[in-house]
Every structure is written in C-alpha cells, then in structure tokens.
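Note sheet for the following structure.
The values are calculated or read from the model by the stated rules, or taken from the named source; none is laboratory data. Because the structure is predicted, anything quoted here is derived from the model rather than measured. In this analysis, Cβ positions are derived from the backbone assuming ideal geometry, glycine residues included, and neighbour counts consider all displayed protein chains. Each accessible area value is taken on the protein alone, full model and side chains, heavy atoms only, with ligands, DNA and RNA left out. Shrake-Rupley method; radii C 1.70, N 1.55, O 1.52, S 1.80 Å.
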Amino acid sequence: MTSLAQPARVFVDPLGGTRAAVEARRWLWPLLILAFCVALSGTVFALRWDATASIVSALPTDSTASSVSESDIAEQIQTASRKALVGGIANGLIVMPLMVLLLACILWVTAWLFNKPAAFGQLMAAAAVALLPIALYHLIYAVCAAYQHSLTDVRAVRLVPSSLALLDGLSPKMQRVLKGADFFNLWSVGLLGVGFSTATGMRLGRALVLIGVMYLMYVGVFFIGLPAGGAQ
C-alpha cells in the first residue's frame, strides 16, 4: 500500500513526495499508472472519434474521386477507427514505458557529463514520477471524452485546453512556439528537476535550470524545427 500511495503523494507534496520516491527507487507504480492512463485516454478517444471529416478531406478531388464509393468511404472510416484504437492502446502500454526508459537514459548521460553520478534506479524513478502529471492529463482527457457523444479532430485537440497554443488568433508559427507552454508539461519539468537533484545531489536551483534548458531544446526540435521543416 505504501508503494501505491507514493504516486498520490507527489500531487499533494511535490518536493517531499518526489524526493521520497526517488530515494526509495519507486518507479514501478508511477510507470503502471502512466501506461494505464495513456492507454485509457487513447481507447476512449478512439471509441468517440468521428473519422468521417478526416477521411473525406483526404479523398482525391480529381477525376478519380467519382470512383470512390460510399462503401469504400465507410470501410476507410472503420479502418481509421480501428487503427486509432490499436494505436491508443499501444501508446500507453509500449510507447510510454519506452519513453520513461529513454528519459532515464538521458538523465544518466546528463549526470555523467556533469560529474554527478547517480544510481540508474533513482533516475528511472525520477523519470517515472515526473511523468505523473502527463498521466493526470490523460485521465482528465479520458473522463471528458467519455462524456462526449462524438469527437472531431478539432474538438479533440481543444477538449482539455492546457496549452497557450490553443489561444485564438495565433499564427501557425506562434502556435508551434507556444505549444511548449503547456501546464502539464511544465509541471513534469519541475518534478523532473526535483527528481534529478535528489538522485545526483545537484543543487535544486541548478537542476531546475538544467532540466528547463533541456526542455527548451526539446521544444525547439520537436515542436518548432521538425514541424516547420515538414511544412516546407
């Protein structure tokens, strides 16, 4: 019961809960909670998602468009829904554990570069605990989506408005920039800084700045650089 209650403590006592979890190397329950919540939100989204608009917008507009029958469109919609369901479950059960492992490896390399060696189990706990706000986001998303009769792509993006990128009147470039200003992501960055400080012995302020810089690099590459390159 102590291991199961540890993740809940992180939400009411971020500093003490994170430090206790990292020192005790408790990463299994946070990881299981993260995988479950992400898989749950993906499943509920797939069950509520109306893929009609996405499929119709992707249909050819030239002379071959008339050869696409209503049965073909219905089959494509059903296939898209099934892919969304499988992808949502796989994202929780496979992608999230791999992401936690990758994040722990990045923390290990960072600790080595700064000559602050730490046990990998503690870094694994720091990574898993830091992603608990992401698990909370997906849990909230699953609850909100379950109350929807159907979800379009636009509605799904704005269902849980936690990012400044959802403000009206923004240009596509500014939306990419502000996508990193997400409440749950920034919450995770803060917890990761606390966990990294606990595992390595680095001063908390320095650890928070370091993790913050790493997050800005992540935003620059994945939210700004790669999408802008793909749009060209």
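Run the accessible area of the chain with a 1.4 Å probe and give the carbon-and-sulfur part as a rounded percent. After summing per-atom areas, the C and S share lands at 67 percent. Summarising the label geometry, the points placed 7 Å from Cα in the beta-carbon direction at Leu216 and Gln78 lie 5.2 nm from one another. For Trp49, the amide hydrogen comes within under 5 Å of the amide hydrogens of Leu151, counting only partners 5 or more places away or on other chains and with H modelled in the peptide plane. When Rg and Dmax are taken over the Cα atoms of the chain, they come to 20.4, 66 Å. Heavy-atom accessible surface of segment 6-143, averaged per residue, reaches 53 Å², computed with a 1.4 Å probe.
Size of segment 89-147 from its Cα atoms: along the principal axes, largest to smallest, the extents are 50, 19, 15 Å. When Tyr147, Tyr218 are compared by accessible area of protein heavy atoms, the largest-first order is Tyr147, Tyr218, using a 1.4 Å probe. Quick one: accessible surface of Glu23, probe radius 1.4 Å, all protein chains present, in square angstrom to the nearest 10. We get 120 Å² for Glu23. Among the protein heavy atoms, those of Ser197 account for about 20 Å² of accessible surface (1.4 Å probe, every chain in place). For Lys83, the lysines whose Cα comes closer than 29 Å to its Cα, not counting residues fewer than 8 places off in the same chain, are Lys179. These residues, Lys116, Lys179, Lys173, go from largest to smallest accessible area, 1.4 Å probe, as Lys173, Lys179, Lys116. Of the residues Arg206, Arg48, the one with the largest accessible area comes first in the ranking Arg206, Arg48, computed with a 1.4 Å probe on protein heavy atoms.
Remark: C-alpha extents of segment 90-192 on the principal axes read 49, 30, 19 Å, sorted largest to smallest.
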